[in-house]
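Data first, discussion second: the structure below is written as structure tokens.
Taken together, the values in this text are just the output of simple stated rules run on the coordinates, not laboratory data. Predicted model only: the values in this text are computed from it and were never measured. For neighbour counting, all protein chains shown are included, and Cβ atoms are generated from backbone atoms with ideal geometry for every residue, glycine included.
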There are 2 protein chains.
Amino acid sequence: MNVVTTVDPRDGRRSATDLTETDEARLETIVGQASRATRWLSGLGRLGRADLLDAIAASLEARRVDLVAAAEAETGLAHARLDQELTRAAVQFRMFGDVLRDGAYVEAAIDHAADTPLGRGPDVRRMLVPLGPVAVFGASNFPFAFSVAGGDTAAALAAGCPAVLKAHPSHPLTSHASAAAISSAVRDLGGPEGVVAAVYGEQAGRSLVRHSAIRAAALTGSVNAARAIQAAIDERPDPIPLYAELSSVNPIVVLPDAAADRGDQIAEGLFASFTASGGQLCTKPGLAFIPTDRGGDRLVDSLREKVATSGGTVLLNERIRDAYETRATEFERAGARVSARPQVDPGAGFTAAPRLLEVDLPGLNAELADECFGPLMVVVRYHDAAELDAALNAVPPSLTGSVHRGPGDDADVVRRLVDVLSARAGRIVFDGYPTGVRVSWAQHHGGPWPSTNAVHTSVGATSIRRFLRPLAWQDAPAWVLPEELRDDYSAIPRRVDGRLTPAVE
Amino acid sequence: MNVVTTVDPRDGRRSATDLTETDEARLETIVGQASRATRWLSGLGRLGRADLLDAIAASLEARRVDLVAAAEAETGLAHARLDQELTRAAVQFRMFGDVLRDGAYVEAAIDHAADTPLGRGPDVRRMLVPLGPVAVFGASNFPFAFSVAGGDTAAALAAGCPAVLKAHPSHPLTSHASAAAISSAVRDLGGPEGVVAAVYGEQAGRSLVRHSAIRAAALTGSVNAARAIQAAIDERPDPIPLYAELSSVNPIVVLPDAAADRGDQIAEGLFASFTASGGQLCTKPGLAFIPTDRGGDRLVDSLREKVATSGGTVLLNERIRDAYETRATEFERAGARVSARPQVDPGAGFTAAPRLLEVDLPGLNAELADECFGPLMVVVRYHDAAELDAALNAVPPSLTGSVHRGPGDDADVVRRLVDVLSARAGRIVFDGYPTGVRVSWAQHHGGPWPSTNAVHTSVGATSIRRFLRPLAWQDAPAWVLPEELRDDYSAIPRRVDGRLTPAVE
């Protein structure tokens, strides 16, 4: 059995762990346990699962010191950032607790038997039910919030689906400790093995999505990772959905009056947004469109100075650091001039320097408009807002698109930009930055390919929809129906005979 | 250019039409018009589109005589059935008008800026917006309700998506006339070309889903058709969703006391359900589990007599008739005994005789448990309800599963059956038949593979979800927002700061 190793990106030191890559026999056991756990999880009901999610949040927080220390040693991310990320993971579990208590997410609907233009219609009742065990692939860049203890896991458990988690190879010990924290909360509530389990190794990931008992897969990762997982899914006789959150450039447009009005402030915001967490965020702005005028010049000067005087960042792993250096060199060769790049001592670990590149429209080409994972941003200088349509249409569709406006910027120009960005992004940000995704009811974290492969979100309350399927009952006796679909149930909002009826409290 | 031909299945006569297969140049024009029409359709707003859908329903009904006559000559389906189906098509357009006026389908949500455990959260607002032009593949067996004037078209237009319709080769003239009826309503409201258009020919269908402007595809058809369309989609750089409603066996279980209590009535219902429309319905019951006891024997005798004394049915086309005869012969070879099969004069057209086959548990094998499109049903005799679990788990997942119970049947047996069927079907029918799908808010017409390839419905109000994507606005000025997301808008239900707020009337 292959031993799983862990690497500290701060010094490049590799160590063996007590974990082994999950072989086929062990995978079979784990997926079997997950299948059997479905009944317990579903049997908890909405309110029982809400309590479970709260208990998981508490269990994660009770282990905060150890979890954050493990993640620091495996990701090189800053302590404060990881501490905040653990809070976010707990917030996500608690948010889904609220979603369950609210109950609207099951989309309960009742059509009583009635005469219709097509004759007598039967009684039909519909709600969303769990899909069954799901596979979740952890991300390199969020050891908590998009990994074993992440939003996909929280959404799956909330939906009533056991989750088998493919641990990201960058942080196996953090993954193991996260799974232990969740399992502890499950055990405390009398739950069986298999509600949550982690597996290790690429082969285990492929075998997992090929397993007949797995009903969906979720991934936050690269387009290549999504292709590999989809290829494994395509070997199944029965396709299952893959919800993949992938690659994103996140263009930001700064309009002339915004640059003139608050150029320094925007320079500060852009700098923080593209260098935070080493630029290793799917919402990192990769392109900033800045006017070629005095306000724009001042903004770029200010940004350049911040980058030039900044230090290096430890990147997540050797592969990401190497890919970053390669991509950055490609960007420079593709016609961008280096605007700022501090000299940084790489040390023994995976440290890299941030880079600010610059190009003038119409010099933005496909290479420069692509994603570079890491602390690199390309400033694109434009003369006239009329140039922006074509330029933005050359940027791959993204999770987000942002516009900074000043009081003097033309509303029609803003409307036009919003039209262009709306067609090519899932979230439009005004006078702000795409990083720092709010975890809330109205959030949408998704967008057209290649930012995701599905019309779903992976952040926010509605992300639970990915792990549910509709089921209808026709002329069913009340005692067969889930309580949410019985006539006398009023604790959740429902659609009855076409009319939305709020919950009675 | 290849001329499109039409065949009258009642006499097998083939005639040339004035239509030609859609070549690449024409397809480019049509998809270009559809792309440009998106703005008009979206600009109508919810209420404007609701009026459009009502006008389309009226336009279809105004052409009822001609449309039904065209469909009769191309499908061989009975006049009364087609007349009812046209009503259903109109009902579907009107239902989506109601869905639009209600407005909850956009899932509007507003999270005002607020302090959160993760710091200050920005204002985030989310709703569903149209995907853009979509491709709809018409079905052979529903020339109206699942074709050019069908539910997919109604759902797409309601969502704000222009629809390019691949006409089924079995009914090109009906498709053409349907498209003309819809286009006439669009023109009367001042709409442009391209809101709806039909294309003809297999190559046009493939080119359509490969076209970069097409954002989703919907199909009601065979697994092979879905594979061919998916293969064309896989050639795109950017994947698009395919919503495919495919193959379904629709098992029906008759419990002993139901057979004893109302065997004759159930025999009548089963006969009607499996022979209606020549058994060419995706909800046709292909398997009926009937007890091996006196009640079951009487039920089967009664069913046998109905089948033996019935006549032939004209099937939709030569390919379907030939496939039916081949499959029926395969079923007989696979170990089923012929329970009843009347002698029918095949005539010059595509007439076939219904077949009732019979097999005893545990003799149900994979061949017999598969779908046979056409008027064939296999009666599966069982001794004990305990045998049903394994038998039902050997039936491919289906759109529906049905249970008939009598007053003396054990509730635990019913619960157990519902559990088994729920895991393998999208709609559970009690004491009824799966055919005759009610078009309503709570309907679900979908199920696990191979009955569909997605966790969506193709019938009912929620089928609009297939043609929408979420979009979020962060810190947007009110004048940029769609009216549904402005603070002072109250005409639709919304989720504001996590709480569902009903519409104010």
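Taking the C-alpha atoms only, the angle from helix A:172-188 to the longest principal axis of chain A is near 30 degrees.
If you take all C-alpha pairs in chain A, what percent of them are over 44 Å apart?
On the way: 25506 of 127260 pairs.
Value for chain A: 20 percent of Cα pairs lie more than 44 Å apart.
Take each residue in A:114-123, count the other chain C-beta atoms within 10 Å of its C-beta, and the mean is 5.
Put simply, the amide H of B:ALA218, placed in the peptide plane, has neighbours under 5 Å in B:ALA135, B:VAL136, B:PHE137, B:TYR243, leaving out anything fewer than 5 places away on its chain. For B:ALA423, the distances from its label point to the matching points in the remaining copies are 4.7 nm, ordered from shortest, with each point set 7 Å beyond Cα toward Cβ. For the stretch B:428-445, backbone phi angles converted through the Karplus equation (6.51, -1.76, 1.60; θ = phi - 60°) give residue-by-residue couplings of 10, 9, 10, 6, x, 10, x, 6, x, 6, 5, 8, 7, 5, 8, 5, 10, 10 Hz, Gly and Pro being listed as x.
Based on the mean of other Cβ atoms within 10 Å per residue, sort peptides B:427-433, A:21-27, A:372-378 so the most packed one is first.
Values: B:427-433: 22.4, A:21-27: 16.6, A:372-378: 25.0.
Top to bottom by mean Cβ count within 10 Å: A:372-378, B:427-433, A:21-27.
If the chain between A:ALA80 and A:GLU330 were fully stretched, how many nm would it gain, using 0.36 nm times the residue separation less the Cα-Cα distance?
Values: separation 250, 0.36 × 250 = 90.00 nm, distance 3.26 nm.
Value of the extension gain: 86.7 nm.
Of all DSSP-defined beta bridges confined to the protein assembly as shown, some 40% are antiparallel rather than parallel. You can think of it this way: the chain between B:VAL65 and B:GLU268 has 70.0 nm of extra reach, that is 0.36 nm per residue less the Cα-Cα gap.
Near A:ARG486, no amide H atom lies under 5 Å from its own; only residues 5 or more places off or on other chains count, and H is placed 1.01 Å from N. Projecting label points 7 angstrom from Cα along Cα→Cβ for A:ARG415 and B:VAL338 puts them 7.2 nm apart.
Nearest 5 percent is fine: what portion of the DSSP beta bridges confined to chain B is antiparallel?
Working: 27 of 66 bridges.
The antiparallel proportion sits near 40 percent.
Based on the Cβ-Cβ distance from A:ARG298 to B:ARG227, what FRET efficiency comes out when R0 is 51 Å, to the nearest 0.05? After rounding, the FRET efficiency stands at 0.30.
Grouping the Cα pair distances of the stretch B:251-430 into 5 Å bins from zero gives a pair-distance distribution of 1, 9, 18, 22, 21, 15, 8, 4, 1, 0, 0 percent in increasing distance order.
Under a 5 Å amide H cut-off, with hydrogens placed 1.01 Å from N, B:ASP497 pairs with B:ILE110, B:ASP111, B:HIS112 among residues at least 5 apart or on other chains. Farthest towards the positive end of the charge dipole of chain B, among the residues B:SER302, B:GLN280, B:SER184, is the Cα of B:SER184, using unit charges on the Cβ of Lys, Arg, Asp and Glu. Between identical copies, the spacing of B:PRO477 label points, each set 7 Å from Cα toward the C-beta atom, reads 6.3 nm from nearest to farthest.
Position B:ASP238: other-copy label points at 3.2 nm, ordered by increasing distance, label point 7 Å along Cα→C-beta.
Here the Karplus curve 6.51 cos²θ - 1.76 cosθ + 1.60, taken at θ = phi - 60°, turns the phi angles of the stretch B:29-34 into couplings of 4, 5, 5, x, 5, 4 Hz, with x standing for Gly and Pro.
Counting every other Cβ atom within 10 Å of each residue's Cβ, A:ASP370, B:ASP322, A:ASP115 order from fewest to most as A:ASP115, B:ASP322, A:ASP370.
Equivalent-ellipsoid semi-axes for the stretch B:1-86 (Cα gyration tensor, √(5λ), whole Å, largest first): 30, 23, 7.
The rotation axis taking chain A to chain B passes closest to the C-beta of one chain A residue; that residue and the distance in whole Å read A:PRO502, 3. Entry note, the protein assembly as shown: the mean residue ellipticity at 222 nm calculated from DSSP H runs of n ≥ 4, each adding -39500 (n - 2.57), is -12000 deg cm²/dmol after division by the residues and rounding to the nearest 500. Counting only DSSP beta bridges whose two residues both lie in the stretch A:251-430, roughly 20 percent are antiparallel. As a proxy for reagent exposure, A:ASP345, A:ASP419, A:ASP409 were ordered by neighbouring Cβ count within 10 angstrom, fewest first; the result is A:ASP345, A:ASP419, A:ASP409. The alpha carbons of the protein assembly as shown occupy a box of 92, 63, 51 Å along the principal axes, longest dimension given first. Note on B:ASP23 and B:GLU305: their simple-model spin labels are 6.3 nm apart, each label 7 Å out from Cα toward Cβ.
The fewest-to-most ranking of B:GLU332, A:GLU202 by surrounding Cβ atoms within 10 Å reads A:GLU202, B:GLU332. The HN-Hα couplings worked out from phi for the stretch A:208-224 by the Karplus form 6.51 cos²θ - 1.76 cosθ + 1.60 (θ = phi - 60°) are 4, 6, 7, 6, 4, 7, 7, 10, 6, 9, 10, 9, 10, x, 8, 4, 5 Hz, whole numbers, x standing for Gly and Pro.
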